[in-house]
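Input: a single structure, listed below in structure tokens.
The values are calculated or read from the model by the stated rules, or taken from the named source; none is laboratory data. This structure is a prediction, so every number in the text was calculated from the model and none was measured. Backbone-built Cβ (ideal geometry, glycine too); neighbour counts: all protein chains shown. The protein model used for the area step is the full one, side chains on, heavy atoms only, and it has no ligands, DNA or RNA in it. Shrake-Rupley method; radii C 1.70, N 1.55, O 1.52, S 1.80 Å.
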Amino acid sequence: YAGYTDLFKSTNLGVSWTSLTAIPGSGTVREFAIATNSNQVIYVLKSSGIYKTTDGGTTWSNVTGIVPVASASPEFISIDPNDANNAWVVLSGYSSGNKVFMTANGGATWTNVSSNLPNIPANCCVYEPGSNDRIYVGMDVGIYYKDNLSTNWTLYNTGLPNAPISDLEISPASPTLLYAATFGRGV
């Protein structure tokens, strides 16, 4: 899959590409995520909103809801690998209190779970499988985590340089290892 103004799919290692049905909204695709338990469920982030398909890209729905995309740019999305209805979106920019939004019903409604996160850009997130919905968020300075057992975010930065975190990954082969890619300071 590749995103530009719409989403494109190749089934032959990139020899040829087909465009999925046009995604509503303006702007280009900033990020997308495909559910691991159903490749028919895809969430797409554009500057104009959050869009979702449940039929592999034949039809799209705007599921932005209360997520304030006019004041903060949707930057990254992470989906629970066991339940495609659970997803987290992080927002970049300096809109205080608008950093992380979560849905438990496929985007029908969203909950702001930003609570005590600092007012700096949030850049990425990753879901920890087998946890109590633990989510890690990479920000311009530091990584924070939260799960269903906590109301506030906890800073998780021992030994981490003060550099923007641009990507987070948890390896399926080693689910206890969190990898962080930084801007200018390596992985």
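Worth pointing out:
- Once the 1.4 Å probe is applied to the protein heavy atoms, the chain comes out at 48 Å² accessible per residue.
- Student exercise, the chain dipole from Lys, Arg, Asp, Glu Cβ charges, in Debye to nearest 20: 240
- Environment charge of Val141, counting only residues whose C-beta is closer than 15 Å and scoring Lys/Arg +1, Asp/Glu -1: +1
- Under-5 Å amide H pairs with Cys124, H placed in peptide plane, nonlocal only: Gly138
- Summed side-chain charge close to Asn157 - residues other than Asn157 whose Cβ falls under 13 Å, Lys, Arg +1, Asp, Glu -1: 0
- Candidates Phe32, Val15, Val69 compared by Cα position along the dipole of the range 1-152: farthest toward the positive end lies Val69, with charges placed on Cβ.
- Remark on the range 41-108: ratio of C-alpha radius of gyration to 2.2 N^0.38 Å is 1.05.
- In order along the range 140-154, the Karplus-derived 3J(HN,Hα) couplings, from 6.51 cos²θ - 1.76 cosθ + 1.60 at θ = phi - 60°, round to 4, 9, x, 10, 10, 9, 7, 9, 5, 8, 10, 9, 10, 7, 10 Hz, and Gly and Pro are given as x.
- The range 140-172 and the range 1-36 have Cα centres separated by 29 Å.
- Computed from Cα atoms alone, the Kirkwood hydrodynamic radius reported for the range 137-183 is 11.4 Å.
- Translational diffusion coefficient of the chain (Stokes-Einstein, Kirkwood radius from Cα pairs, 10 °C, 1.306 mPa s): 94 µm²/s.
- On a per residue basis, the convex hull of the C-alpha atoms belonging to the range 62-142 measures out at 83 Å³.
- Surface composition of the chain: carbon plus sulfur atoms hold 51% of the accessible area, using a 1.4 angstrom probe and ignoring ligands, DNA and RNA.
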